[in-house]
Structures are given as C-alpha cells and as structure tokens.
Amino acid sequence: MPGHSYTFTHALCRTPSRSVTAGLRAADQGDPDADLFVQEHAAYGDALRATGATVRVLEPLEAFPDSTFIEDAALCLKGQAIVLRPGADTRLGEAAALRPDLQRVMNGVIELETEGYVDGGDILCSDHEVMIGLSARTTRQGAEDLRPIVESLGYTMRILETPADILHFKTESSLLDTETILATPKLAASGCFTGYRVILTPEGEEAAANAIRFNDTVFLSAGHPKTAAALRETGYKVTELATSQAALVDGGLSCLSLRFSL
Ligand code: CIR
C-alpha cells in the first residue's frame, strides 16, 4: 500500500525519567527540566493520538537517562520490531529493557545479531527503501548485519555517510510523503536523497528537519515559522509541537516514538 511509511495505527513512547537531566548532549545549554519535559512529552502523545492512532506510553526507566528517545533502541517495519544495538555506552542497555514491551505489543520481534552498533535515529524509511546513515552511533558492521533482516521484510537498504558533526541521520531529515524528504542543506548536499523530492530547511531553522509525518499530519518542532509556512504552502497539514526540553539533550520529534501499523 503506497504511503505505509507514514500511515500508522500505533505509536510506542516512553515517559522521560527524572534522570533525563543527565541525558547525553554534544554541547551543554543547561539540563532539561524533567517536569516540563514530561508535559511536552504528554502533549506529543496526545497529538499523535489525535490522528487516530493508538499511543501506548511506557513507564520511565531511571537507569537510562536517554530512554525517552525510544526510537534509538528498535526499528519497526511491517508489524515486526528489530531490537537494535544503540551505540552510546550509556544507552546500549535500553534495547534489552525495551524487548519485553516489544514482545507484548508487536506481531514479532527480531534480534539484530551484530558486534557493531545501530541507533534507530540513523534509519529513515520510505515505502520501499531503508536508508541508514553511518554516524558516531551507527557502524558499518551494524548496518551490514541489519541488511538481511531489512531485505527479508521486502525493503532495499542503502548505507550512507552522515556528515561528521550530525548526531543522527534523522536529526537532519524526515520523510514527508512517499517521495518527499525534508532535510537540512548540509545533509542533502551529501547526495543521499537522489531520487526523492527534497524540501530544504531555511537558514537558521535546521532543527525543523527532525520532523515526523504521522498519518495526515506533519509534526514540526515549534519555533520554525519559515519551515511551517513553506510546508503549509506545499499542501501539508502541519502541527507544531514544543520540543524545548528534548532539544537540550539533542532530541527531536522522531526520537520520541516508535511508529508502526499492526
Ligand atoms: C543521545 O545523545 O543519544 C540523546 N541525548 C538524544 C537522542 C536523540 N535521538 C535521535 O535523534 N534519534
């Protein structure tokens, strides 16, 4: 079915822990406020729900400060979850902690057997293709070991190089529809989106590229008026969501959910 890469019956989220104040970040702009993060997270869940999806929210995991960024621990394709190997030392254990929930919720769970690493934030899926960006968190070995799983589910896989100072491939890109990607000029310049229509984020609004198309809506991080206007003009329904606290620990909209259809 065309569009299955952005039409979803379900999302799985995890409430931010109090320990999110110790979340990883490349540059320190102050710790997130755990209460405000929980509020913004609840609004995010409600917004996904408003599109008609069932949104399940898991309990916080205090042992893992970054575990609200649930997307990094698994990849969901065609009702199956692939348990990944997150590449930050403090995050590797998130995958095992999530596995029982995936076993309960998904139609099946597949283990990525690798000595390498893959973060879900480095994986961008369109209807037929899985793009995986190598990064400080995702290694070639991890990506190559993921390939047979992805291919067995009917997708082709393309391994790409993410420019060095970008945390995750999807920090700077998102799928808007079957053939359109929103991306920063820097990531798009690496040539990774050949064959897609690319909408570039305006200067100063690079953080808007971590968006999600979820059913009929493009969810955009608030505070990016030029991007919001450009997308509306192109015909997308856009809803802006506050991500002020996730941003302090290098997170955005895509990292806060696993999205799938059952
Ligand atoms: C980390 O550095 O792992 C977290 N503080 C942020 C993860 C954001 N996840 C994502 O972009 N997929």
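A few remarks follow.
- For segment 67-87, the criterion of a residue being within 24 Å of PHE193 (Cα to Cα), out of contact with any strand residue (DSSP E or B) (no Cβ under 6 Å at 6 or more places or on another chain), more than 11 Å from the ligand (Cβ to nearest atom) and in a strand (DSSP E or B) is satisfied by at least one position.
- The C-beta contact set for segment 37-49 (first residue surrounded by 18 or more Cβ atoms within 10 Å (Cβ to Cβ), second residue small (Gly, Ala, Ser), distance under 6 angstrom, 6+ apart or interchain) comprises GLU40/ALA242; LEU48/ALA11.
- Qualifying residue in segment 160-173 (condition: without any contact (Cβ under 8 Å) to a residue 24 or more places away in the chain and within 25 Å of ALA47 (Cβ to Cβ)): no
- Single condition ILE70 does not satisfy, out of (1) within 19 Å of PRO148 (Cβ to Cβ); (2) open to solvent by less than 10 Å² (accessible area, probe 1.4 Å); (3) under 16 Å from the mean Cα position of the chain (by Cα): (1)
- The set of residues in segment 228-244 being of a type in the set (S, T, N, Q) and within 19 Å of the chain's Cα centre (by Cα) consists of THR239, THR243, SER244.
- Filter pass, GLY133 being at pLDDT 95 or above, within 14 Å of the ligand (Cβ to nearest atom), under 17 Å from ARG259 (Cβ atoms) and not aromatic (Phe, Trp, Tyr): no
- Single residue of segment 157-180 satisfying the filter (more than 16 Å from the ligand (Cβ to nearest atom) and touching a helix residue (DSSP H, G or I) at 6+ places or on another chain (Cβ under 8 Å)) that is least open to solvent (accessible area, probe 1.4 Å): LEU176
- A single entry from GLY191, GLY195, GLY154, GLY204 fulfils the requirement of being touching a residue at least 40 places away in the same chain (Cβ under 8 Å), part of a loop (DSSP other than H, G, I, E, B), out of contact with any Gly (no Cβ under 8 Å at 6 or more places or on another chain) and more than 16 Å from the ligand (Cβ to nearest atom): GLY154.
- The lone criterion from (1) more than 16 Å from the ligand (Cβ to nearest atom); (2) open to solvent by 10 Å² or more (accessible area, probe 1.4 Å); (3) under 18 Å from the mean Cα position of the chain (by Cα) left unmet by LEU102 is number (2).
- Qualifying residue in segment 238-252 (condition: part of a loop (DSSP other than H, G, I, E, B), open to solvent by 20 Å² or more (accessible area, probe 1.4 Å) and away from the ligand (no atom under 12 Å from the Cβ)): yes
- Count of residues meeting criterion [surrounded by 17 or more Cβ atoms within 10 Å (Cβ to Cβ), among the charged types (D, E, K, R) and in a helix (DSSP H, G or I)] in segment 123-146: 1
- Selection within segment 90-99 - of a type outside the set (Gly, Ala, Ser) and either closer than 19 Å to SER152 by Cα or more than 16 Å from the ligand (Cβ to nearest atom) (or both): ARG99
The values are calculated or read from the model by the stated rules, or taken from the named source; none is laboratory data. Note that the coordinates shown come from a computational prediction; the quantities given were computed from them, not determined experimentally. Cβ: placed from backbone, ideal geometry, glycine included. Neighbour counts: every protein chain shown. The protein model used for the area step is the full one, side chains on, heavy atoms only, and it has no ligands, DNA or RNA in it. Shrake-Rupley method; radii C 1.70, N 1.55, O 1.52, S 1.80 Å.
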